[in-house]
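Notes follow once the structure below has been shown.
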């Protein structure tokens, strides 16, 4: 019933479009889309214009580094790349632990350009990849929405997604990360899925599988697709909307998508071994069963087929479910991984996975960040949802499910706002286009006003705000009077305009600072650039030994590897908790204990971030409590979080602070000979306190370099003969053997010591290694 | 006409080469009838270089006019010698030809071809200048952050010459009073910043007497370990120059920690360190950029003067002894100042090496010149002897068959080498139309495709047709 | 007079008896008693004497965890109840845990029984959990602070492990309430469906589904999930009146989120009104309405949209520092 109404409606609309020539509407569409692309691209360039064309904060540096590696050494070497510069002494198999889609994409672009003799540096390609893909995302969203509702809605949605902060937050120029291209892949996959489920043609479903393959290669979020599409199918089954089209499209998509997704080394056998993927296969089996039942029924159309069908369906579902549960218990299928589990049991991560909990973007979402990222869309997309459900059909079921699941996930994790944004744009676009269609019904040009608004938005977004209220259109008959129409128009014009200026503001103020170059503004508006990070990394890359090993907290691992080109102990892919805990323990324990750990890990330099001189709040002392927690998780004997707080449980660094705090390595390295910065001398601007323990000397380390604003401090770990320990001869005897032999045994000893014997680092590992070697020889 | 000119060029070049060849081959003898009446020598060791300028009064005591004479450099110092030249009274450059003398294999000789011969019993005054790099040894070799940098110079107290010297004076310029020790051979005198030796009389040929000076020298000891200079010529009125500089502080190494605190407290801290230095670019240089592999180096500023553009370059971090840094400096200059042409014949006149900082010393210089695509019969001539590397091709925007690249390299370069090289080549001007045509053609096809796409585009209506289920 | 002497005598006698008992009590005896009491119920209620005997008086080789609380409803100490529940969980799980020994005992002092103990320890807040180590005086770290650690049994056990290296694994009595509720719901649903089995049309009622979906969206978008995880106060009471809107953009109050949900809802309703007034999606439904009514309806919708959206905007503006834009209201 609704579907027929839908067709009537769409025909009615088509009449509106088709009395212009095809070329005209196409022209409008192309213009709007290209303008959307342009606006999306332009609104993401704030960082490049303010600073320079540079890769942003942390993960992008790794992506950039591996992309450069791939461009230099070729794809297969990249897949086999064992990066001994990371996670010393463990190393990291990069090819097997990344989603290569990003690197392949930019590498392909680079290759094409260079075959055309256009020598663009790979860095620039990486910087501008995300903004370019935002345009593609807009087009994909347009296609998706016009599949769902109408082309007008599609144009709206395209313009929304082009500039909405929720998406540009992850795709400004320079933030070279998976999400930038993944959202395009997501939208395009969904578009193709709807195509295939509409047409039921194998061609489209194969296209869906291919696009899904691209998504898998690009982002871990592909799990969202492989759970949402089966959910869609399942709900359709429940609604009794089974059809041959559904059968064909899903089965083809599932099989091919499965096979393709298993080609990604990082994914490997997960699609058949982990619970995250089981929904898909379960639905596949269920679909098969239902299809079989249908077929049986088609053999004898008479008889109790309805009950049979329902019963059979239920039985099939039950069996599938039981089978999955059973397999999980037997351990054939891995249970939910912590990151996914923390989506359902929201308190899970806080207790069990401090590393996940420590990341700020894994926190739940307040309404204000919803509003910040979506603005007017946040209170208009329910309208679109409303009408989608009111006039339901197969693909609108899909968009409803998409919206509901995405909005739930976004509520749980700020980061997943990214998956919510596209569907919100789609639905809001639908809502706006419904309303404006109706309001502008009298004059038969329907898309034209839509187009003007869009392009106006685009101009707004591009920067200059033209206040051009559209001329009210003369109403032919008195449906609702012309005043109402024009009033409505103007009001919504203003809303859209507010939206666009909000987007520009949000993108420029919140999302486009490359966090490795800080800018401070004097009260005369003059800008001062604090370039300390690159200063320090530049120093590392030039003035330390080629194989020097730098110990720092994991946030800076990728940057040290990317800009400093030196070996790091831990970095931003936090795959080895115990190793990180070891570094945390070194930072948290006192100097001599830390020295033992550092010698065990062959650390040459220690790098700490200290914002006290310029009031930079994201420095290591503020992160320190997480280091303590993570260290305590692995070494509960040595590290007690309580010791780092004052009696009254406050976290402070001044004279009130606890002894342990004042004597731990992190504290000493941060405040060593720190006397500049504000008055009184040695005043910590970030904590707003005078450090409690000052004028101390370092025994085991010496200051190697400190950047101009004290932001980055690098210390050199002294060799044992450089400081006179009480038992110098012993050290002289043991350490050299460990030093020149530690390379090899470190590869098999390092992890063992850090994993198995948790707290037993006190005994000198050098001796152990020494013995081992003598045995070996 | 033009080919003829080209031929002449080739000929000249050929002759020049031949001359140099036999020059290096040929063997001279020390003529006994030349005698040096007076030498007035000044050794400037106030910077990291050793610059010796001496005024030599030659006397011809023989029977025949002398057309040339020999300059010589001690065997110990010849490896450090970067540059040597000679001028006559009216300040004309004289041609020097390397040569050897039997029995003096260690010594390095140059034959100076005089413009007009010295007649019998008459004299001529010749000014010679020579520059030595790495002749000053820091001693002690490692100092802490606060200490001053002390260096040792040891050279020859006497003017080293194959001829007897009647009388000579030597002025050593230090620009500092704090001298640890220096050779004391009477007569000598020490005024502020200079030590004057002499005059000594009747020194026989090839006498060496050690001259040692150990003194404070905080002037920047910066060495450009490698300077890659890339010159890209475009006939659209622009020449792009990019210099990749690897620089190292070759003074006394930094011993012990670096303390930012001390470094901030007083600016006399780290006296031997280099905070920044000045680079002079040609006055017409525009859109200058200064970056390294991690992006822009934001600590630098630029002053445009009327005869040059002065860049005040600050490395990301101050350079202490033994610390390295590297950067890329690029700018554009209008081509009309350096590129001359008549018809299809073009002449490019540019500096083989340009100013990096005062008293610079460059270990290795590599200069590449990228000529426009399609330029043929290229003739190069260099101001000084260089080793020319094999030519190559370079592909960039809208190139089809690649641009010819001329590459040459030279070791041990100092400021005196800032001289022009010349490249002559032929470039049919019609080729300039090639690139615009390419662009036009591309755009044309692009629009054609778009037109066709728009005409054939039904994909947008399809969904609405098959919207029913 | 006689009576008085008698009375004194008895008093003295009794006192002596108690005293004698106390002195007589050796270590093992005390431990014995304690184990018995623990066997009865895992938390030993303490009054002054018991407290003196078991906790204060020297011959001890066991450490004592004591919770000082005020359970009496008259005290109106809501948190005490929660802490007590968790504390019970800890004590029970210690009893069943493998590391169960007579080296650790759990006690509890209620203010109404042992107010003098409170005075003795100069406690003026409840609840407090203190640890009395086997030897030496309790250090400041021996009293647990709930602000940082929280009141969960896990936290308490962690703290206990810090103080006395005794490992306890949390063993919560399985909480069936959730499961029961779920089962009830399920049964209700099934029964309902069964009753309505002859006409299941209402399942196809799109209105209902749409409303459910839209409400879910409101709930999520207004940050109910954040409330559920972070548990903020309903609203904030300050000396100058209550505050409904959290100043920072990183926090929110429960009431605030409700307000926001209502604002969103109003905007949505307004927009739907306008659409329906303008003829709805199908263009046929509300054609019956005559012009005036439609006009009125759509004007109402327009006003709803504008007013409530600008309200939303101004609330947002109040939370976000330096947000420049606003509409209708400042």
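Computed from the coordinates by the stated procedures, all read-outs in this text should not be read as laboratory data. A quick note: this is a predicted structure, and the numbers were derived from the prediction, not measured. Quick reminder, even Gly has a Cβ in these numbers, built from the backbone with ideal geometry, and neighbours come from all protein chains shown.
Taking one equal scatterer on every alpha-carbon of the protein assembly as shown, how large is log10 of I(q)/I(0) by Debye at q = 0.05, 0.09 1/Å? One equal scatterer on each Cα of the protein assembly as shown leads to -0.60, -1.42.
Shape index of region C:32-86: Rg/Rh, with Rg the Cα radius of gyration and Rh the Kirkwood radius from the inverse mean 1/r over Cα pairs, equals 1.02.
For the pair residue A:80 and residue A:115, a Förster radius of 22 Å applied to the C-beta separation gives a FRET efficiency near 0.35, rounded to the nearest 0.05. For chain B, the direction-averaged projected area of the alpha-carbon convex hull comes to 34.7 nm².
Once the Cα atoms are used to define both axes, helix C:206-221 deviates from the longest principal axis of chain C by about 50 degrees. One equal scatterer on each Cα of region C:205-319, no solvent, Debye formula: the resulting log10 I(q)/I(0) at q = 0.20, 0.21 Å⁻¹ is -1.07, -1.13. Here region A:161-302 is described by how far its Cα atoms reach on the three principal axes: 65, 33, 24 Å, from widest to narrowest. Measuring max minus min along each principal axis, the C-alpha atoms of region A:223-342 give extents of 51, 28, 21 Å (largest first). Roughly what would the spin-label model give for residue A:723 and residue B:74, points 7 Å off Cα along C-beta, in nm? Simple spin-label model gives 4.7 nm for this pair.
Among B:97-107, B:169-179, A:521-531, the peptide with the highest mean count of other Cβ atoms within 10 Å heads the list, and the full ranking is B:169-179, B:97-107, A:521-531. Shielding by partners for peptide B:257-268, expressed as the average number of C-beta atoms from other protein chains within 10 Å of each residue's C-beta, is 5. Normalised by residue number, the volume inside the convex hull of the Cα atoms of region B:28-216 is 118 Å³ per residue. Taken residue by residue and averaged, Cβ atoms of other chains lying within 10 Å of the Cβ of A:424-435 number 2. The ellipsoid that matches the Cα gyration tensor of region B:312-443 has semi-axes, each √(5λ) in whole angstrom, of 32, 20, 14, with the longest given first. A crude spin-label estimate for the pair residue C:167 and residue B:347, with each label 7 Å from Cα along the Cβ direction, gives 9.1 nm.
Given R0 = 56 Å, the distance between the Cβ atoms of residue B:396 and residue A:650 translates into a calculated FRET efficiency of 0.35. Modelled spin-label separation between residue B:104 and residue B:453, with each label point placed 7 Å from Cα along the Cα-to-Cβ direction: 7.8 nm. Along its principal axes, region A:105-174 has C-alpha extents of 43, 24, 14 angstrom, given from the largest down. Ordering of A:277-288, C:123-134 by packing is A:277-288, C:123-134, highest average first (other Cβ atoms within 10 Å, averaged per residue). Overall shape of region B:181-232 was characterised from the C-alpha gyration tensor. The equivalent ellipsoid obtained from it has semi-axes of 36, 19, 11 Å, in decreasing order. Extension gain for residue B:291-residue B:137 works out to 52.3 nm (0.36 nm per residue, less the C-alpha to C-alpha distance).
Inter-chain neighbour count for C:225-235: the average number of beta-carbon atoms from partner chains within 10 Å of each residue's beta-carbon is 4. As a calculated quantity, the FRET efficiency between residue C:48 and residue C:234 at R0 = 30 Å, using C-beta atoms, amounts to about 0.15.
The Cα atoms of region B:222-427 define a convex hull whose projected area, averaged across directions, is 13.2 nm². Per the Kirkwood formula applied to alpha carbons, chain C shows a radius of gyration over Rh ratio, Rg over Rh, of 1.20. Dividing the Cα radius of gyration of region A:529-723 by 2.2 N^0.38 Å, with N the residue count, gives 0.96. Over region A:495-558, the fraction of Cα-Cα pairs per 10 Å bin, rounded to whole percents and listed from the shortest bin up, is 16, 30, 26, 18, 8, 2. For the listed peptides A:411-419, A:169-177, B:188-196, C:238-246, a ranking on the average number of other beta carbons within 10 Å per residue, highest first, reads A:169-177, A:411-419, B:188-196, C:238-246.
With a cut-off of 18 Å on the backbone N, the residues of region B:54-74 near the modelled label site 7 Å out from residue B:121 along Cα-Cβ are B:58-66. Ellipticity at 222 nm from helices only: DSSP H runs of n ≥ 4 in chain B, each -39500 (n - 2.57), divided by the residue count, give -4000 deg cm²/dmol.
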